[in-house]
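This report concerns only the one structure given below.
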Amino acid sequence: MLADPPEGLAGDANRDGRRSSHQDEFIELYNAGSSRVSLAGWRLGETGPLSGYFRFPADAVIEPGSYVVLFGGGNPSEFIIPVYTDDGTIGNGLNDSGEAIRLINERGDEVSFLSHPTWPNDQSLARTAPDSSTFVPHTTISPVEAPFSPGHAPETSPILTYFLIISEVLADPPEGPAGDANRDGRPNPYEDEFIELYNAGPVPISLAGWRLGSPSGYFHFPSDAVIEPDSYIVLFGGGKPTDFTVPVYTDDG
């Protein structure tokens, strides 16, 4: 949870290119369970009337072992997990001197509650581990002393995430042979859809356990998945891709 973004671009937590004291505030949720959780109709915000809370949309889900992040506002970019924005502030704006944060499910039950006397200055408050109940200032558990890490654990260096980008997406393959993107000899409007990733960094990146997709479903990369520096990988909707010199993967159709 970040209530006091650092000054300047160092405080641009939502990565939209500009620092805002309210829009860059965020609350991060983590699913420690073994199955996905629908957040449809759930509310998240500071203590007070539920009318001031952010309400998650009907298609909002959080995958097992994964995160979602709610920012105060702005135009978040370069995130590989679901992110949401409030109307410019989270509730009435998170109070730097401390307050209570509540997560309420669609039935009105309180699912999670966080109360802290004061939030740390210029950095977020984070759990020491996803399954821990202890919260500490983020820089005390980040190996690179980063002030925050929305969407991933503090133990994960954000540098690798920065170098990995979605470089191309095909959502509507052309009709006929021209649409045979996976080169298996038979055009298919779903199997020939693809997402291409590019590693712009200087070192290989392991994708073991990573997920790629939309809130309706994600592809899980296998344990041996690696993207080399200055190279690509491609995920197709299905089929039997042929004649590729880069690693390719297929989803379930």
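The values are calculated or read from the model by the stated rules, or taken from the named source; none is laboratory data. Model, not experiment: these values are computed from the prediction. Reconstructed Cβ throughout: ideal geometry from the backbone, glycine too, with neighbour counts over all protein chains shown.
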Of the criteria (1) modelled with pLDDT of 90 or more; (2) over 27 Å from Val68 (Cβ atoms); (3) not aliphatic (A, V, I, L, M), which one Gly237 fails: (2)
Scanning for something touching a Gly at 6+ places or on another chain (Cβ under 6 Å) and buried (at least 18 other Cβ atoms within 10 Å of the Cβ), does segment 168-175 turn up at least one residue? yes
In segment 47-59, residue farthest from the chain's Cα centre (by Cα) [restricted to those that are touching a residue at least 12 places away in the same chain (Cβ under 8 Å) and either in the same structural domain as Arg211 (by TED's automatic domain parsing) or part of a loop (DSSP other than H, G, I, E, B) (or both)]: Gly48
Within segment 194-234, the residues that are farther than 24 Å from Gly65 by Cβ and among the polar types (S, T, N, Q) are Ser231
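Per-residue answers, yes or no, for (1) part of a strand (DSSP E or B); (2) under 16 Å from the mean Cα position of the chain (by Cα); (3) exposed (fewer than 14 other Cβ atoms within 10 Å of the Cβ):
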| residue | (1), (2), (3) |
| --- | --- |
| Ala13 | no, yes, no |
| Gly17 | no, no, yes |
| Asp24 | no, yes, no |
| Glu28 | yes, yes, no |
| Ser34 | no, no, yes |
| Gly45 | yes, no, no |
| Pro64 | no, yes, yes |
| Asn75 | no, yes, yes |
| Gly88 | no, no, yes |
Any pair with Cβ under 6 angstrom, 6 or more apart, that starts in segment 78-105 at a residue that is closer than 21 Å to Arg36 by Cα and ends at one that is at pLDDT below 85 and surrounded by fewer than 15 Cβ atoms within 10 Å (Cβ to Cβ): Arg102/Phe113
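Pull up segment 50-62, narrow it to residues that are at pLDDT below 90 and in contact with a strand residue (DSSP E or B) (Cβ under 9 Å, 6 or more places away or on another chain), then point me to the one that is farthest from Ala3 (Cα to Cα).
Initial filter on segment 50-62 (at pLDDT below 90): 50-52.
From what's left, in contact with a strand residue (DSSP E or B) (Cβ under 9 Å, 6 or more places away or on another chain): 50, 52.
Details: Leu50: 20, Gly52: 17 Å.
Among those that are at pLDDT below 90 and in contact with a strand residue (DSSP E or B) (Cβ under 9 Å, 6 or more places away or on another chain), it is Leu50.
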Test: Ile62 is under 22 Å from Pro130 (Cβ atoms), assigned by TED's automatic domain parsing to the domain that holds Asn121 and touching a helix residue (DSSP H, G or I) at 6+ places or on another chain (Cβ under 8 Å): no
Return the pairs, sorted by first residue and then second, in which the second residue is among the hydroxyl-bearing types (Ser, Thr, Tyr) and surrounded by 18 or more Cβ atoms within 10 Å (Cβ to Cβ), the first residue lies in segment 10-37 and is without any contact (Cβ under 8 Å) to a residue 40 or more places away in the chain, the beta carbons are less than 7 Å apart, and the residues are 6+ apart or on different chains. Asn31/Ser66
